[in-house]
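Structure first, commentary second.
The values are calculated or read from the model by the stated rules, or taken from the named source; none is laboratory data. Keep in mind that this is a model prediction, so the values were computed, not measured. As a convention, Cβ positions derive from the backbone with ideal geometry for all residues, glycine included, and neighbour counts pool all protein chains shown.
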Amino acid sequence: MKLLPNSLYIVSTPIGNLEDVTFRAIEVLKNSDFILCEDTRRSLKLLNHYKIKKKLISYHKFNEKKQSSNIIKYINQGKILSLISDAGTPLLSDPGRILISQCIENKIKITPIPGVSSITTAMSITGYKDQFLFYGFLPKTENELEKTLASLSQILFSQIFFVPAIKINFYIKKFKIHYSGRKILIARELTKIHETIFREDIDNLKTFNNNIKGELTVVISEKNSKKEVLNEEIIVNKAKKYLKKYSLKDTVDLILESEKFSKKEIYKLCLKTKNEKNY
């Protein structure tokens, strides 16, 4: 296979099982002058498995800005470079955006070598509709997470997130608030010996007791587009109960905690109940 000089190849690698690599990817890596690796130690496992001996360049989120300029120089000297991530398809929640932007500015040819991605791998086994949004890693702080999920939960499509296993219970509590009525799939160790697929309705989802490790791929199903019918009898009965002890405002807020309807609708029913004083 003859590669083009003055080029950058974006090469997808396995997400776990080392056999999940394309013939073309192996040939590109074998014929590259330099291979850019997120973590050279992890990349060596794949490269050694296929007896690929090439010069490796460490390229990760902490040095990508500094390294990108040097890489452009190598390419302009006629070298062939390949970029791989620790696992899967590069640039999807992985370093590389700065380098791609500089290559575009310098009119350097960029060639994608497709392959495995945990995003499509997980999505393919969900049974959800095939329109989906990939978000990546969610915010770590509670305030930012609340803002993000409040916005994302209004989107009808299925949604895919990467979540550190150690923080899964933190995110589960927020998913239950913002994605009520949807389903969830949590995938761990995809394509590996201990591959685990967990499926559940979000409303029935419980936190995990055991300390799971690694990185999880979480897929939340599409939003049910059928509009729920407001059951006035249920709301009125709750209003009667709460109005005996609480103000109108507090009664509305209490009902909103369990009923997913507009505040305006709930308020009108509570006000009507209060004015009729039949409680």
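Odds and ends about this structure:
- If the condition is being of a type in the set (Val, Ile, Thr), under 20 Å from residue 216 (Cα atoms) and out of contact with any helix residue (DSSP H, G or I) (no Cβ under 6 Å at 6 or more places or on another chain), then region 129-164 contributes 141, 148.
- Matching entry among 222, 233 (being among the acidic types (Asp, Glu) and in contact with a strand residue (DSSP E or B) (Cβ under 6 Å, 6 or more places away or on another chain)): 222
Yes or no, residue by residue, for (1) outside any loop (DSSP other than H, G, I, E, B); (2) in contact with a helix residue (DSSP H, G or I) (Cβ under 7 Å, 6 or more places away or on another chain); (3) surrounded by fewer than 16 Cβ atoms within 10 Å (Cβ to Cβ):
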| site | (1), (2), (3) |
| --- | --- |
| 185 | yes, yes, no |
| 223 | no, no, no |
| 235 | yes, yes, no |
| 240 | yes, yes, no |
| 260 | no, no, yes |
| 265 | yes, no, yes |
| 275 | yes, no, yes |
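- For region 1-18, the set of residues classified as part of a loop (DSSP other than H, G, I, E, B) and either without any contact (Cβ under 8 Å) to a residue 60 or more places away in the chain or β-branched (Val, Ile, Thr) (or both) consists of 1, 2, 15, 18, listed by residue number.
- Residue satisfying condition, being free of Cβ contacts under 8 Å to residues at least 60 places away in the same chain, surrounded by 16 or more Cβ atoms within 10 Å (Cβ to Cβ) and more than 20 Å from the chain's Cα centre (by Cα), within set 252, 163: 252
- Reported count of residues in region 19-35, each being surrounded by 13 or more Cβ atoms within 10 Å (Cβ to Cβ) and assigned to a loop (DSSP other than H, G, I, E, B), is 6.
- Flag if residue 125 is at pLDDT 95 or above and either in contact with a helix residue (DSSP H, G or I) (Cβ under 6 Å, 6 or more places away or on another chain) or outside the structural domain of residue 177 (by TED's automatic domain parsing) (or both): no
- Boolean, residue 53 is in a loop (DSSP other than H, G, I, E, B) and either within 16 Å of residue 28 (Cα to Cα) or more than 21 Å from the chain's Cα centre (by Cα) (or both): yes
- Subset of region 36-62 that is closer than 25 Å to residue 121 by Cα and hydrophobic (A, V, I, L, M, F, W, C) - its residue that is surrounded by the most Cβ atoms within 10 Å (Cβ to Cβ): 36
- Put simply, of 126, 111 the only residue that is surrounded by 17 or more Cβ atoms within 10 Å (Cβ to Cβ), in contact with a strand residue (DSSP E or B) (Cβ under 6 Å, 6 or more places away or on another chain) and not small (Gly, Ala, Ser) is 126.
- Candidates 150, 187: the one that is modelled with pLDDT under 95 and at negative phi is 150.
- In region 1-24, the qualifying residues are those that are touching a Phe, Trp or Tyr at 6+ places or on another chain (Cβ under 9 Å) and at pLDDT 95 or above, and the one that is farthest from residue 189 (Cα to Cα) is 21.
- Residue within region 78-88 that is surrounded by fewer than 18 Cβ atoms within 10 Å (Cβ to Cβ), over 26 Å from residue 133 (Cβ atoms), among the basic types (Lys, Arg) and at pLDDT below 95 present: no
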